[in-house]
Amino acid sequence: MKHSELISNSDYIIKITGRLFVKNFHDLISNIPKNHDIDIITDLERGLTWADSRVFFFSKEFAYKYLFPLQNKLNDTNGVYFEHIHQRPS
């Protein structure tokens, strides 16, 4: 995020897994609320204990506060991917 001019000039990011082609992408982004109080939009399941990370929308604030602090737990070599990481409530 530090090196992307596009991201540095944006308040929000949409992450889409490279394995997907989202045919209705323009419809998807045009339906995102213009409310700047939103930190994340995703498909939450299992009593809010699991989120589908194939497509999600998040604020840069959310990334800095919740995603980046957990990045040292990722280890693709050992099969620990983004979807496996979670933060226990304090």
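The values are calculated or read from the model by the stated rules, or taken from the named source; none is laboratory data. Since the structure is predicted, the reported quantities are computational estimates derived from the model, not experimental observations. No Cβ is skipped: glycine too gets one built from the backbone with ideal geometry, and neighbour counts run over all protein chains shown.
Considering each residue of region 72-90, count those that are surrounded by 10 or more Cβ atoms within 10 Å (Cβ to Cβ) and either modelled with pLDDT under 70 or outside any strand (DSSP E or B) (or both), and give that number. Spell out how you get there, then give the answer.
Residues of region 72-90 surrounded by 10 or more Cβ atoms within 10 Å (Cβ to Cβ): 73-75, 80-87.
Add one more test, that the residue is either modelled with pLDDT under 70 or outside any strand (DSSP E or B) (or both), and what stays is 73-74, 81-87.
So the count comes out to 9.
Is it fair to say residue 61 is modelled with pLDDT under 80 and in a helix (DSSP H, G or I)?
no
Is one or more of the residues making up region 50-67 touching a helix residue (DSSP H, G or I) at 6+ places or on another chain (Cβ under 8 Å) and free of Cβ contacts under 8 Å to residues at least 40 places away in the same chain?
yes
Identify, please: which residue in region 1-20 is of a type outside the set (A, V, I, L, M, F, W, C) and assigned to a helix (DSSP H, G or I) and is, among those, modelled with the lowest pLDDT? Step through it out loud before you land on a result.
Keep residues of region 1-20 that are of a type outside the set (A, V, I, L, M, F, W, C), which gives 2-5, 8-12, 15, 17-19.
Narrowing further to those that are assigned to a helix (DSSP H, G or I): 5, 8.
On the way: 5: 90, 8: 86.
Checked region 1-20; the qualifying residue modelled with the lowest pLDDT is 8.
Can you tell me which of 34, 23 is surrounded by fewer than 11 Cβ atoms within 10 Å (Cβ to Cβ), at pLDDT below 85 and over 15 Å from the mean Cα position of the chain (by Cα)? Show your work before the answer.
Working: 23 fails: at pLDDT below 85.
Only one candidate passes the filter, namely 34.
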